[in-house]
Structure formats: C-alpha cells, structure tokens
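Have a look at the structure below, then the notes.
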Amino acid sequence: MKYVGRKILTMLFTLLLVSFLVFLCFTVIPGDPAIARLGTDATPEAIEMLREEMGLNRPFLVRYADWLLSFARGNFGDSYSYSMSVADLLLDKVPITLAMSLMSIAMIVVISIPLGLYTARHEGSVIDKLIYALNQVIMAVPPFFSGILITLLFGIFLKLFTPGGYVSYTTDVTGFLGYLFFPSIAIALPKIAMTVKLLRSELIEEKKQDYARTAYSRGNHTGGVLYKHVLKNAMLPIITFLGMAFTDMIAGSIVVEQVFSIPGIGRILLTSISRRDYPVVMAVVVCLAAVVIVVNGVIDIIYQWIDPRIRLEGEKS
C-alpha cells in the first residue's frame, strides 16, 4: 500500500507539473487568441475589449490558478471558435478516439501473443523466419502510410468500407465499430510486429533459465513449459510495452484520423491549433498527458503485483 500511495502522489505531482508547463507554453508562444478570433482587420479597441473579456490581461499565475481549479472540477473553459464548452466538445470526440485505441490494443493482444508463442516454440523454422522478415517490413511502415494502403486496397478496390463514410456511434454502433476496424488495423500493425518480436525474444531468453531447464528435466513438454512457467515471466516487459503502446496509439491516432476522415480528438486538436483555440488545445494536451501518466502508473502497480521482488522492494523503501 505504501508503494501504491507513493505512486499516486508521484502521478499527481507529474500531472501538475505538466499542466503548468502546458499553460506556460501556450502563454509565451507568439499569437493572440483575440486577434485570431476577431481577425486582423479588428480595431485595437475591439481587440483589447475581447482580451479583457477573455481574461488574457490578468497576471499569469492568477490565470493559471483559476484554470487549474476549474480544470480539477471538470470545467475546461469555453472554446473560442466552437462557441461551446470544451468539456462538451471533448465528450463528443473522446469516445471515438478511445474506441479506436481499445480496438487496436485488443488486436495487438489477440494476434501478437499467439504469434510470439508460436515463433518462440518453433525457433529457427521456416515460418519463424518468414514472420521475422514480415515483422521487419511492418515495423518500417508508419501507420499513416499503412492507412493509405488499407484505404486503397480495402476501401477502393475491394469496397469493404467507404473511404470518408464515417458512421457516428450515436446513430449506428455497429456501423461505427465497423468503420473503425480498418483504422485500428493501421494503428495496430507496427505495434503487433514489435510485440511479436519482443515476446519471442523474451520467451527464448526465459527458456534458457534454470527454472525452465528444471521443468524440462521433470518431463514437461515444450508447450507446457512455455504456457505454465515461461510465459508469466516473459509477459512482464510485454505488459509494460502494451501500456506504452496504448498511450502512444491514443496520441498517434491523430494522423490516422485524418487519413480516414474520422472526427475524433485528432481533428479537433489540429483545427484548434490552427485557430489558436487555446482552451481546447490545453485541455486535449493535458488530458492526453493524464492518460499517459495514469496508464504508466497502473502498469507499474500491476508490474509490482505480478513480480513479488518489486513488491518487497517497494515495501522496504
């Protein structure tokens, strides 16, 4: 419990520091939100009046404290360009990006773990070498280019989905998930290749340990040793990698959303940056940072729970 409590405090402090740095960055970067909202033809008086209305003339620390307290209460402010609260705007977009990321992580787990086990069990075989070569190719292809290829092959040639024909989850959940299937593949493919390669290496390394040799000497077959003894220890770095992959997919989905014309967080973020809609941009960046911090913290706690050695070290310290 001491370890968990210390980890939670560290996460809160890290999030506080990130929020301060984000607020500072959007304060010092060039550009005036009032001018972006009114246009360059606006009079200085009108610009000054809007700056006063938006609270931009107040001291930095006062504005940050007000923003932080409001953010902690779930009030992210009002969008400069969408004429609505940032919270309502994000609540409409978060399910889209989150669903795509969860679908991607599910694909990674379902595909990569069996493949990793198979390649480790048949190390050096022809199929193992083919999968290894394919992994190298897939890892070299960025998700946005995979998205273009998937759109060309499955959307235009095979007509399995309509490119740009996004279906909202509020009207048709099945159609919504069906449309997200292909973008999720584009996001998941490089992570699947990485996970297979990492799991294969970990399994092969663990097979050489003394406990695995002891299990073999007791008459256990290869599959039994892999599933019952080796897999648990080999999964520790995989869990860490999957946690980082999940946060990376949420952030990396921004580009893929543009390829498939998905109105998720990515599109709203890019649009808000171009319009200097700082309340939206700050809320998205801090929320993404919060997801990264929380996921990494949860992964550390799960890691400590799985490995007794880490649990004992945490209790001692």
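Computed from the coordinates by the stated procedures, all read-outs in this text should not be read as laboratory data. All values derive from a computational prediction rather than experimental measurement. Here the Cβ positions follow ideal geometry from the backbone for every residue, glycine too, while neighbour counts run over all protein chains shown.
Give the average over all directions of the projected area of the C-alpha convex hull of the chain, one decimal, in nm².
21.6
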Task: Inter-site label distance for residue 248 and residue 2 at 7 Å from Cα along Cβ, in nm - done: 3.5
Task: DSSP H segments from the chain that extend 27 Å or more along their own axis, Cα-based, with Kyte-Doolittle mean of -0.5 or above - done: 2-28, 86-121, 173-207, 231-259, 278-306
Open item on the list: Quick check for me: using +1 on Lys/Arg Cβ and -1 on Asp/Glu Cβ, what's the dipole size of the range 93-279 about its Cα centre, in debye to the nearest 20?
Closed with: 220
TODO: Report the FRET efficiency, 1/(1 + (r/R0)^6), for residue 10 and residue 73, where r is their Cβ-Cβ distance and R0 is 30 Å, rounded to 0.05.
DONE: 0.85
Open item on the list: Using C-alpha positions alone, give me the convex hull volume of the range 93-279 per residue in cubic angstrom.
Closed with: 139
Task: In nm, spacing of pseudo-spin labels at residue 290 and residue 218 (7 Å Cα→C-beta vector) - done: 4.8
Open item on the list: Let me check against my output: what whole-number percent is the relative contact order of the range 93-279, with C-alpha pairs under 8 Å and at least 6 apart?
Closed with: 35
TODO: With label points built 7 Å along Cα→Cβ from the Cα atoms of residue 66 and residue 29, find their separation and express it in nm.
DONE: 2.2
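Ratio of the range 112-216's C-alpha Rg to 2.2 N^0.38 Å, to two decimals? Don't skip to the end; give the middle numbers.
On the way: Rg = 18.4 Å, N = 105, 2.2 N^0.38 = 12.9 Å.
This ratio for the range 112-216 stands at 1.43.
Length gain on complete extension for the stretch residue 158 to residue 88, per 0.36 nm per residue less the alpha carbon to alpha carbon distance?
Result for the pair: 21.5 nm of gain on full extension.
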Open item on the list: Under the rule of at least 5 residues apart or a separate chain, name every residue whose amide H is placed under 5 Å from the amide H of residue 78.
Closed with: 86
